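The values are calculated or read from the model by the stated rules, or taken from the named source; none is laboratory data. The model shown is predicted, which means the values in this text are computed figures rather than measured ones. Here Cβ is always computed from backbone atoms with ideal geometry, including for glycine, and neighbour counts include all displayed protein chains. For accessibility, only protein heavy atoms count, side chains too; no ligands or nucleic acids. Shrake-Rupley method; radii C 1.70, N 1.55, O 1.52, S 1.80 Å.
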Amino acid sequence: MQATKDTVVTLDYRLTLPDGEVIEISDPADPLVYLHGYEEIVPGLERALEGKTKGDRVQAVVPPEDGYGEYDPEGEETVDRSEFPAELELEVGGIITATDEDDDEVEFLVKAIDGDKVTVDFNHPMAGKTLHFDVTIRDIRAATAEEIEHGHVHGPGGAHD
Ligand code: ZN
């Protein structure tokens, strides 16, 4: 079976940056399981895996536009410390999860603190970066009708797990 739309792919992966910095290595006991064709993984990696089969090793270099997007300078904002709850601890490098006006969860990075001015960054931490994936496909199976309807994987490693 090939990795194609409406299949569930199980894989081990290693993500590094062009300078060799290791960002993530999947746990062998907890491989990544995703539904192919539903943008659950970055588009560049999904494209590289298209048509591959169990046991294949795929090394993909994914530019920002096919990964987590270009870095948006407007995603950076400087606001007054008083706009955050007083009890919230802010430290440079910290990731804060907040709720926006639509009640959606947003995450941002505290980039700098200068007196009572706080610079935050809403870009994805991997925005603007070229991603090097080294992937081995462990298993591929047909998705169930329910998984296709939900647009995600059920069972171990899945959305309701
Ligand atoms: Zn579901």
Quickly run through the stretch 113-161 and pick out the residues that are basic (Lys, Arg) and either touching a Lys or Arg at 6+ places or on another chain (Cβ under 8 Å) or under 20 Å from LYS54 (Cα atoms) (or both).
LYS117, ARG138, ARG141
Determine whether THR78 is touching a residue at least 40 places away in the same chain (Cβ under 8 Å), of a type in the set (Val, Ile, Thr), open to solvent by less than 50 Å² (accessible area, probe 1.4 Å) and over 18 Å from GLU40 (Cβ atoms).
no
